[in-house]
1. Sorted from fewest to most neighbouring beta carbons within 10 Å, what does the list Phe157, Phe327 look like?
2. Go ahead and run the numbers for FRET between Ser52 and Ser23, Cβ-Cβ distance against an R0 of 45 Å, rounding to 0.05.
3. Explain nothing, just the number: dipole magnitude of the chain about its Cα centre with +1 on each Lys and Arg Cβ and -1 on each Asp and Glu Cβ, in debye rounded to the nearest 20.
4. Based solely on its DSSP helices, what 222 nm [θ] is calculated for the chain when runs of n ≥ 4 H residues each add -39,500 (n - 2.57) and the sum is averaged over all residues, nearest 500 deg cm²/dmol?
5. How big is the charge dipole of segment 231-402 about its Cα centre, in debye rounded to the nearest 20, if each Lys and Arg gets +1 on its Cβ and each Asp and Glu gets -1 on its Cβ?
6. With only Lys, Arg, Asp and Glu charged, each at its Cβ (+1 for the first two, -1 for the last two), find how big the charge dipole of segment 39-222 is about the Cα centre; round to the nearest 20 debye.
7. To make sure I understand, if each residue's beta carbon is the centre and we count other beta carbons within 10 Å, what order do Tyr76, Tyr203, Tyr319, Tyr310 fall in, fewest to most?
8. 7 Å from Cα along Cα→Cβ at both Ser313 and Asn281: what's the point-to-point distance in nm?
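Computed from the coordinates by the stated procedures, all read-outs in this text should not be read as laboratory data. Bear in mind that the values here come from a model prediction, so they are computed numbers and not experimental data. Cβ placement follows ideal geometry from the backbone for every residue including glycine, while neighbour counts extend to all protein chains displayed.
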Amino acid sequence: MTSIINSSNANSALINTINASESKHNPNIYSTKKIYPAAATTYVTTSKSSGSVGANQTMVFDLMKYGIAQQLLLVYSKSKTGNADATISPYDFVDVIDRVELLSSSKVIDTLTRFDLLAQFSDLDESQFNIVNTSAVAARTNAASTHKFVIPLVFGFFKDINTNLNLQFNEPMSVRVRWGANLKQASQAVDIAETSVYLKLRYKAYNESDFSEILTENYNEPELNQMSTGFYDENASIGTITAPANSAGITFGYDITKPGVKVELKNTDCVNNFYVIVRRNESYGGENIPNHQPKKILRIRFTASGQEIYDLSGEELFYSKLCANGFSILTSGGSNIDNICKIQTGLWEYSGGGTQSNTLSLRELNNPIIEVWFEDSTFQANQQADQVRTYDVVVVEEAVKIYSTTSATGRVQTSLSN
């Protein structure tokens, strides 16, 4: 029955060429797939070692010298006081958290700012973002007396199984949380209970023989060098939109045929991805705190050394996250996370890990600038005067770095960033 198909294939020049290729692989030639050694996996709650909750205050968590860290979650709760409204608007965590730092022997080796977290969330596929949206991003209603927030802290080390932190070997490591200036909106009747703040860590611990193999293979040289990524935030530029009185429900923005808001790139690292975020930076009318969703971006233009590198507008921006199969992805899981735009130098990869597909060294580029056009459709009526709103236009860069771990001491530090 199948002989006619095989006979037909045998006379195909294309199929004969494919069959003669070194890339040919027969899946029915049995072979053993990679098998990871069995390990003990556990979640451990880590309470603060110092600091407190408060505007612009810091809190430090010492990480246990136990196994290999696979996942790091920051957990806190906002509790309702009295019978007042306890509604929490989307992106509340952006005002609660200013930055989270990873330290080795009290020295910062990696940082996630509030904008870095936004950039990470915008780069997830929809199934991954749904979890983050439910636990960290989406609005909370007045019905609950306590609102629990869980923020995934995915430092570059956690993006690849080969770079997970070996806390059992490394020098003492810790996480430092710097709280934002606005822990709650003036209209909120919710406070962060200090006792509700903790880290939840997932550890993987091998048996003695497997861990000895890790030490022998990884630390047989003076240093272990690992490639990972880290974020850098450019200084925000300010964009201004002025709307006339009685402008409720009307959309205003920058005309894409005229100059946009320019962000000068001062970083000199090798950048894999650029993320562009536009958010309100001031209060207006009934809105008390700049806790607003990312605004819609109309156009992005990237120039350097007198050359145009990137210019996409409108629906073209939907295709900026190019995948290896020639198509693109767009997260649309709610909360307007898709308003954050991305400029890739390589390809988007599922889960963000895997191959280092490309990077761009900014060091030798002359006057690199990203120009941004955006709009706002949330103006309110105002009988008194024209409405003037200002916005932060932020460019977040995800750069590739080389980290070294000293075999003699377990000290982790950045050894090369360009």
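1. On the way: Phe157 22, Phe327 10.
Lowest to highest Cβ neighbour count: Phe327, Phe157.
2. Numbers: r = 59 Å, r/R0 = 1.32.
Approximately 0.15, to the nearest 0.05.
3. Working: 34 positive and 43 negative charges, 149 e Å.
I would put it at about 720 debye.
4. Numbers: 6 runs with 46 residues, N = 418.
So the calculated ellipticity at 222 nm is -3000 deg cm²/dmol.
5. Working: 14 positive and 21 negative charges, 13 e Å.
Around 60 debye, computed over segment 231-402.
6. Dipole magnitude for segment 39-222 comes out near 740 debye.
7. Working: Tyr76 24, Tyr203 21, Tyr319 12, Tyr310 15.
Lowest to highest Cβ neighbour count: Tyr319, Tyr310, Tyr203, Tyr76.
8. For the pair Ser313/Asn281, the computed spacing is 2.4 nm.
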